[in-house]
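The values are calculated or read from the model by the stated rules, or taken from the named source; none is laboratory data. All of these numbers come straight from a predicted model, not from anything done at the bench. When we count neighbours, we look across all protein chains shown, and the Cβ atoms used for this are built from the backbone with ideal geometry, even at glycine.
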Amino acid sequence: MTGRVYLVGSGPGDPELLTVKAKRLIEEADVVLHDKLPGPALALVPDEKAEDVGKRAGGDRTSQQYTNDRLVELAEQGKTVVRLKGGDPFVFGRGGEEMEHLADHGVEFEYVPGVTAGVAGPGVAGIPVTHRDHNSSVSFVTGHEDPTKDESAVDWGALAATGGTIVVYMGVGRLPDYTRVLMEEGMDPETPVALVERATWPDQQVAVGTLDTIVEVRDEEGIEPPAITVIGPVAATRERVEAFLRTGGEPPTEGE
Ligand code: SAH
């Protein structure tokens, strides 16, 4: 009897943002393969089930091939396996590759969606990724690549032209490069930009600026990965709502 693999999204970090289904599957699983990104949500995974396939102590990344093979191996042993990934498994999470590998090896799997950081991150900072007054489209892109490379898979020029919200995953390091390219491609340097680090984690941090100033703001505020960059007029809504914005389910402070 072959086991089954569940490709499960953990949401952005707050353990209460797992789906009810994700929580049940973790409870029922024999093994939970995870990396570091689920962050505080890993508190829901009992130690005896947890298998870390993320960064190793030495700094090397466990290879994707190892993870793929391990999923198949465990399934072939008849195990029920949860492959737990930060956010949603199919958004910059290699869940697609893992799914293909499982199918190629005849292993049954189920996809369990999670709340992706590109929507939740801006949201918890008071920034809706769409807003009728500001935009009618949103693009989710990776900021990992060099935007000046000719073969860059992200067409920043086309994004600049859409007028929609741009949400960048893995975009802390190359922030100077793609903000410059967007301005060169004609975007207003005054366009609001926000960075949301560790959204929904206890140490969440938000920093706001413009295309022109955000690199400086990043450095001043010490924003580090994992963080989401959100570019567009919607990023300015934070300022308007911030005084009344609560996150993490905290009760109102005394006197409110
Ligand atoms: N599958 C994940 C994304 C994985 S790529 C998802 O759907 O959310 C890794 C990137 O996700 C990070 O570099 C960062 O840009 C973003 N990210 C994930 N969790 C985050 C969080 N809690 N706060 C801010 N950014 C986060």
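Within the stretch 124-152, being closer than 19 Å to residue 234 by Cα and assigned to a loop (DSSP other than H, G, I, E, B) holds for 125, 126, 127, 128, 129, 130, 132, 133, 134, 136, 137.
In a residue-by-residue description of the stretch 175-191, the property of being closer than 25 Å to residue 153 by Cβ, touching a strand residue (DSSP E or B) at 6+ places or on another chain (Cβ under 6 Å), hydrophobic (A, V, I, L, M, F, W, C) and touching a residue at least 12 places away in the same chain (Cβ under 8 Å) applies to no position. Considering the stretch 1-46, the residues that are under 20 Å from residue 68 (Cα atoms) and of a type in the set (Asp, Glu) include one that is nearest to the ligand (Cβ to nearest atom), namely 35. Mind checking whether some residue in the stretch 55-65 is more than 30 Å from residue 138 (Cβ to Cβ), touching a residue at least 24 places away in the same chain (Cβ under 8 Å), within 15 Å of the ligand (Cβ to nearest atom) and not assigned by TED's automatic domain parsing to the domain that holds residue 168? The answer is no; no qualifying residue exists. All conditions but one from (1) more than 16 Å from residue 202 (Cα to Cα); (2) surrounded by fewer than 18 Cβ atoms within 10 Å (Cβ to Cβ); (3) modelled with pLDDT under 95 apply to residue 3; the one that does not is (2). The sole residue among 118, 114 that is in contact with a strand residue (DSSP E or B) (Cβ under 7 Å, 6 or more places away or on another chain), assigned to a helix (DSSP H, G or I) and among the small types (Gly, Ala, Ser) is 118.
Considering every residue within the stretch 82-102, establish whether at least one is of a type in the set (Val, Ile, Thr), assigned by TED's automatic domain parsing to the domain that holds residue 28, more than 10 Å from the ligand (Cβ to nearest atom) and in contact with a strand residue (DSSP E or B) (Cβ under 9 Å, 6 or more places away or on another chain). Spell out the reasoning first.
Keep residues of the stretch 82-102 that are of a type in the set (Val, Ile, Thr), which gives 82, 91.
Okay, now just the ones that are also assigned by TED's automatic domain parsing to the domain that holds residue 28, so 82, 91.
This time we only want the ones that are more than 10 Å from the ligand (Cβ to nearest atom), so: 82.
Still in the list and also in contact with a strand residue (DSSP E or B) (Cβ under 9 Å, 6 or more places away or on another chain): 82.
So far as the stretch 82-102 goes, yes, one or more of its residues are of a type in the set (Val, Ile, Thr), assigned by TED's automatic domain parsing to the domain that holds residue 28, more than 10 Å from the ligand (Cβ to nearest atom) and in contact with a strand residue (DSSP E or B) (Cβ under 9 Å, 6 or more places away or on another chain).
In the stretch 111-122, the residues that are more than 8 Å from the ligand (Cβ to nearest atom) reach residues that are polar (S, T, N, Q) with C-beta atoms within less than 7 angstrom, at least six apart or across chains, in these pairs: 112/19. Looking across the stretch 20-63 at every residue that is among the β-branched types (Val, Ile, Thr) and more than 12 Å from residue 84 (Cα to Cα), the one that is modelled with the lowest pLDDT is identified as 62.
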